[in-house]
Amino acid sequence: MANQQPNSGNPRVDIEYRRKKSAEEMKHQVITFAMMIFLTIVAFVAAGYEGFSAWFIVPFILILAIVQVIFQLYYFMHMSHKGHEAPALFLYSGAFVGFITIIAFLTVIWW
Amino acid sequence: MSTLAQKKGFGAVLWDYLTTVDHKKIAILYLIAGGFFFLLGGLEAMFIRIQLAVPNNDFVSAGLYNEILTMHGTTMIFLAAMPLIFAFMNAVMPLQIGARDVAFPFLNSLGFWLFFFGGVFLNLSWFLGGAPDAGWTSYASLSLASEGHGIDFYALGLQISGAGTLIGGINFLVTIINMRAPGMTYMRMPMFTWATFVTSALILFAFPALTVGLFLLVFDRMFGSNFFDASMGGNTIIWEHFFWIFGHPEVYILVLPAFGIFSEIFSIFSRKRLFGYSSMVFATVLIGFLGFMVWAHHMFTTGMGPIANAIFAVATMAIAVPTGIKIFNWLFTMWGGSITFTTPMLWAVAFIPSFVAGGVTGVMLASAAQDYQYHDSYFVVAHFHYVIVGGVVFALFAGAHLYWPKMFGTMLNELLGKITFVLFFIGFHLTFFIQHFLGLWGMPRRIFTFLPGQGLETANMVSTVGAFFMAAAVIIMLINIVITSVKNEKVGNDPWGDGRTLEWAIPSPPPFYNFKQLPLVRGLDAYWLEKMEGKKGMSPAEPLGDIHMPNNSFIPFVISFGLFVAAFGAMYRADHSWGIPVLIVGLLITLGSMFIRSVKDDHGFHIHKEDLEDNNDKGVKA
Amino acid sequence: MAAEQKMTYETWPASPEKQTLEAKNKFLGFWFFLGGETVLFASLFATYLALKDKVPNSDMALAKDLFEIPLAFIMTMLLLTSSLTSVYAMYQMKNFNFKKMQLWLGITVLLGLGFLGLEIYEFNHYVHEFHHSFTSSAFGSAFYTLVGFHGAHVAFGLLWITTLMIRNSKRGLSLYNAPKFYVASLYWHFIDVVWVFIFTVVYLMGMVG
């Protein structure tokens, strides 16, 4: 079974390299997390602030949610890594079907 | 781990099938269970036609007629057509891609038993106070008003079997993506495998909508919620949308595998490569994609407004384009081929005009303005029977004859097969062609009787006579199966002589590990390529080595049984004090067995190289 | 490479969750399952949006009367943080540090429990203070079904992760159980993805009106 990591022939070097790489990745994860917290706070503040109209707030917090979910998917769930083509295809297909369902329920359920 | 050893005795065989994780045995289970429900649904159809044979008939009462009609539709779609398609997918798809098993053998077995217990649960309603009676679509305003437990049986039974189908879909998807033999690229996959792939994706995205719809129905009927109750702010149309968001893709879930089977048949018995293979793949994917955007054409008359109706009408008509591509490709496959009219080929050739007729009425119905005239008339009944019987059931018969030797190692009798075909073909058109006109003359669907003197007598009688032809055809098919099984004349790898794909390169039935050495695939129609170069079989892609196989397990049966018990508890919760305890016990059985599955390691076992070499003299080749 | 083989720090591969065919199948199959779950939750969202504020009489509580910013915010923070801790757990798994992985998973479970506790408090609060229950209106049915389905997913996730932790506590990491941990953490992230939409669509949009 072939491993996907670079192989220099010296296991020690490989491990060091990998360790460093994954520590670096972990740092990115923490930054991602900080961004997500920030987006969440912005969303809550926007929703709580009396000065904005609903016409601004609703699209705004929806966009924040989508950005946050993309962070979650691509960093926390590693969709940015190789070998996630099929998962991405099927997740987006599911999201597409779900989106059509929601649009339909917002438009043609009541009349 | 003595699976290699031959098991004997009825008890041992039964236990083997209860615990099996082998896709070929699960296919046989699907075939038997689906075949049983097919006979049940057929019996219900006969009752419907007998009741409608003459005006003012009192063969069954109005209430019982509603139950029979509902159960006919529900049984045929969920418990007969789908499992029979799953039977062929299980039996053939892993062999076609050169895999030793499916990706999740355990889940494969779980999927079957969930379907089985769901189906049994649904049909027990006949003995426990009456079957569901709100039609197979079970529209909420009707089903909430239905008394007794019929609709509860419907909702819970379909919930259980639907979970099984979803599991099966994921299993096939992963199998096709991860377990293709060396050289088997996506664009070298046989059409039936492609159909299985797209169908599984449709299952994955369509069944959750049904799951949610059924949950809402269960909550409304049994737990006091108000989703569909307008007086409490609810909206009954929500059910219709969920049902059809699932229901329309479901039509393609049924018919795409049928297309796949026919593609194989046309190619094999014309002794030609499938015409326009890549456009066939494209058309299959496109049908799957469009299938999600047309559901509301079932609801033109609910009052969604002209814009929504227009969008869905146009999208629906668009599906005729990829379907047309397929029809022409099949015709061109036959063009100039050296055709042999075996039983499967007869079904395939008859399928084209029958299905096109159904497609044409489909385009008529897709036109929203016209649909107001056809809606809820026998014209609709004729339309969907033309596509589902003319498309799916023809394919099931054709597939049964084509793959019977691969599944059981013996050929069905060709003469009896052809008699079955002729009787069924005549019966089918006799029954349903006239129903177009019944609809146009004003006969509404789902009525339990009609009055004399309205010009409907002759046509209804003709339709009933046709139904008896179909019944006779099915009986001859059963006789054929019995005779064939008793004679049990064994056949070789490629009993039709013109097999093109990998499944025909291995023995019939295949050994439980399918391929001793994984085959090397060098193009589309891999086995045909090798035969054309004068080789006897496939060249192996790997040296002979140990083969890893999964262990049998009884746990899938128990998990499904737990849900079966829990469903009774949920249903009788309001009537009996034992309802809640039974619900809890059932869920504990299910969760407990899932827990055991989770904590008990299952590494499977290995068949050793030496054991494989011993089998050489039996003609087991890769 | 046999799945049950004893591994060391040196032989531990970079992606332990995808080494055997079984593991690859599990990985892909679980992602597909999440694709199906997306449709499931989208359907529940659609139902909620269609039935939001649909109540039988005008003196019943509507979304803008029910939801409070502080509670929703705390719940969001708990779940979001638990998502990070499960990332840490997977990081330690890749480093072949079993003890630390268990520790981070333990923290994840505690945060999840906190979330679940607050949700139970919240539901209880609505039922008793506002008479907003599962059976009181279509709005109530849709709200409790959507949020309750998510809560049930959280509860199942907690049971799952706890089972994995206890089952493997004595034997450490192997290529057999690494994919199991990985898939459970994917599930946990997905729960958080759904929650992001719940707090936006249900709570924040509910407060806006």
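Coordinate-derived values only; no laboratory data. Nothing here was measured: the structure is a model prediction, and the numbers come from that model. Neighbour counts run over all protein chains shown; Cβ positions are idealised from the backbone, glycine included.
In region A:14-111, which GluC sites (Glu not before Pro) fall in coil by DSSP and have 11 or fewer other Cβ atoms within 10 Å?
Answer in residue order: A:GLU50.
Determine the distance separating the Cα centre of region B:148-217 from the Cα centre of region C:57-90; give it in Å without decimals.
If you average the Cα positions of each part, the centres end up 33 Å apart.
State the volume of the convex hull built on the alpha-carbon positions of region B:1-149, expressed per residue in Å³ and rounded to an integer.
156
Sequence-distant or interchain residues sharing an amide H contact under 5 Å with B:SER377, placed H: which?
Sorted by chain and number, the residues that satisfy this are B:ARG445.
For region B:162-310, place one equal point scatterer on every Cα, skip the solvent, and apply the Debye formula. What is log10 of I(q)/I(0) at q = 0.12, 0.15, 0.16 Å⁻¹?
Those come out to -0.63, -0.85, -0.92, one per q.
Longer than 19 Å from Cα to Cα, which of A:LYS20/C:LYS26; C:LYS6/C:LYS94; B:LYS272/B:LYS531; B:LYS600/C:LYS170 are they? Say none if no pair is.
Over 19 Å Cα-Cα: A:LYS20/C:LYS26.
Give me the log10 of I(q) over I(0) for chain B at q = 0.05, 0.06, 0.09 Å⁻¹, as the Debye formula computes it from C-alpha points; what are the numbers?
For chain B, the Cα-only Debye profile gives -0.22, -0.32, -0.73.
Comparing C:SER58, C:SER174, C:SER141, which has the greatest mean-square fluctuation in the GNM of chain C with Cα pairs linked when under 10 Å apart?
Its mean-square fluctuation being the largest, the pick is C:SER58.
Which of the GluC sites (Glu not before Pro) found in region B:441-548 are in a DSSP loop and have at most 13 neighbouring Cβ atoms, other than their own, within 10 Å?
Taking region B:441-548 and a limit of 13 other Cβ atoms within 10 Å, the loop GluC sites (Glu not before Pro) found are B:GLU489, B:GLU533.
What residues have an amide H closer than 5 Å to that of B:SER539, excluding those fewer than 5 places away on the same chain, when H is modeled at 1.01 Å from N in the peptide plane?
Here the answer is B:LEU520, since their amide H atoms fall under 5 Å of that of B:SER539.
Distance between Cα centroids, region B:261-333 to region B:554-578: provide it in whole Å.
Using only Cα atoms, the two centres lie 40 Å from each other.
Spin-label point model (7 Å from Cα, Cβ direction): what's the B:THR458 to B:PHE341 distance in nm?
3.1
Residue-wise, which Karplus ³J(HN,Hα) couplings in Hz belong to region B:226-237, taking 6.51 cos²θ - 1.76 cosθ + 1.60, θ = phi - 60°, and x for glycine or proline?
10, 4, 10, 9, 4, 5, 10, x, x, 8, 5, 5
Dividing the convex hull volume of the Cα atoms of region B:403-487 by its residue count, what figure in Å³ per residue is obtained?
109
Could you list, bin by bin from short to long, the percent of Cα-Cα pairs of region C:84-132 in 5 Å steps?
6, 22, 17, 12, 10, 9, 9, 7, 5, 3, 0
If you take the alpha carbon radius of gyration of region B:424-557 and divide it by 2.2 N^0.38 Å, what ratio comes out, to two decimals?
The reported ratio for this selection is 1.80.
Given a Förster distance of 25 angstrom, what is the FRET efficiency for B:ASN57 paired with B:GLU147, based on the Cβ-Cβ distance and rounded to 0.05?
That pair, B:ASN57 with B:GLU147, gives E of 0.50.
Starting from 0 in steps of 5 Å, tell me what percent of the Cα-Cα pairs of region B:169-241 lands in each bin.
3, 14, 18, 14, 9, 8, 9, 8, 7, 5, 3, 1, 0
I'd like the orientation of helix C:138-167 relative to chain C: the angle between its Cα long axis and the longest Cα principal axis, in ° from 0 to 90, rounded to 10.
Tilt relative to chain C: about 20 degrees.
Rounded to two decimals, what ratio of Rg to Rh does region B:83-146 give with C-alpha atoms and a Kirkwood Rh?
1.19
Just flag the trypsin sites (Lys or Arg not before Pro) in region B:1-82 sitting in loop per DSSP whose Cβ has no more than 15 other Cβ atoms within 10 Å.
B:LYS7, B:LYS8
Work out Dmax and Rg for chain C from the C-alpha atoms and quote the Rg first, both in angstrom.
19.8, 68
How would region B:486-596 be classified by its alpha-carbon gyration tensor: rounded, prolate or oblate, with rounded meaning a/c under 1.5 and the a/b versus b/c comparison settling the rest?
Verdict is prolate for region B:486-596.
Read phi for every residue in region B:473-487 and hand back ³J(HN,Hα) as whole Hz from Karplus 6.51 cos²θ - 1.76 cosθ + 1.60, θ = phi - 60°, with x for Gly and Pro.
Per residue, the Karplus-derived 3J(HN,Hα) values read 4, 5, 5, 5, 4, 5, 4, 4, 4, 5, 4, 4, 5, 5, 5 Hz.
If each of A:ALA54 and B:THR449 carries a label point 7 Å out from its Cα toward its Cβ, how far apart are those two points in nm?
In this crude label model, A:ALA54 to B:THR449 measures out at 5.5 nm.
Over region B:453-496, with a single point scatterer placed on each C-alpha, what log10 of the ratio I(q)/I(0) does the Debye formula yield at q = 0.19, 0.20, 0.32 1/Å?
-0.72, -0.75, -1.01
Classify region A:4-103 from the C-alpha gyration tensor, please: rounded if a/c falls under 1.5, else prolate or oblate depending on whether a/b exceeds b/c.
Here region A:4-103 falls in the oblate category.
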